[in-house]
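The values are calculated or read from the model by the stated rules, or taken from the named source; none is laboratory data. What you see is a predicted model; the values in this text were computed from it and never measured. Using ideal geometry, Cβ is built from the backbone for each residue, glycine included, and neighbour counts are taken over all protein chains shown.
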Amino acid sequence: MKRSLGEELKKRKVPGVLIPGLLAAMAMGWAANEIYNKQNFYEIEAVFPKTAMIGGTIDGDNIYLENGQSIRLIGINAPERGEENFEKAKTKLDSLTANKKVYLEYDREDDGQYGRLLAWVWVDCESTPDFLPYDYMRVGYHRSRSGLKENPDGCKEGKLINELMVDSGLAKVETYKDRGELKYEARLKE
């Protein structure tokens, strides 16, 4: 059976968040040769920024950066528009991130079902954090290393926004069906 181009890109470990854009670019005549030579797409900071200024909040588990890029806080789920505590969750996330420089740490899952990047969001770090690679937790398809409990080097005094939203009671820990454990999943569950 012939594999679709999208399936082939996934096999080559192209992050899911890039695939729709790449397919559209290819349909318009872009030669895809250079993507086959990329070893680590997470090094493309235009797609996977490491740090940025907050542009604002969308709701209690989504922010956008000054450049307009949307980031979904991985590992948590907050009330959606029209649900109880939606405004409280949005206001809380805004108070934690407004006018802040954030550091984005990626995990084994890179994009949500709506094409947003999924990230752990850190603030108030003393220097640029030394994050473990996005695939650090992956041992096998459904197997993972033990979750991380400590803040990364460079952010020992910093705060994990995803965790603060859970601690506030305005977001719940979100586990992803049929996927391995995320970096700070066990920490959030405590």
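Inclusion of residue 136 among residues that are under 24 Å from residue 46 (Cβ atoms), surrounded by fewer than 20 Cβ atoms within 10 Å (Cβ to Cβ) and assigned by TED's automatic domain parsing to the domain that holds residue 86 is warranted. When residues in the range 60-108 are screened for being more than 27 Å from residue 16 (Cβ to Cβ) and buried (at least 19 other Cβ atoms within 10 Å of the Cβ), 2 of them pass.
Looking across 100, 88, 50, 38, one residue alone is modelled with pLDDT of 90 or more and out of contact with any strand residue (DSSP E or B) (no Cβ under 9 Å at 6 or more places or on another chain). It is 88.
Residues that are assigned to a loop (DSSP other than H, G, I, E, B), under 15 Å from the mean Cα position of the chain (by Cα), modelled with pLDDT under 90 and not assigned by TED's automatic domain parsing to the domain that holds residue 19 are absent from the range 73-84 altogether. The residues in the range 152-178 that are part of a loop (DSSP other than H, G, I, E, B) and either surrounded by 15 or more Cβ atoms within 10 Å (Cβ to Cβ) or hydrophobic (A, V, I, L, M, F, W, C) (or both) can be counted, and the count is 9.
Looking across 149, 183, one residue alone is within 17 Å of the chain's Cα centre (by Cα) and in a loop (DSSP other than H, G, I, E, B). It is 183. Here 107, 130, 135 are screened, and the one residue that is acidic (Asp, Glu), in a loop (DSSP other than H, G, I, E, B) and farther than 15 Å from residue 50 by Cβ is 135.
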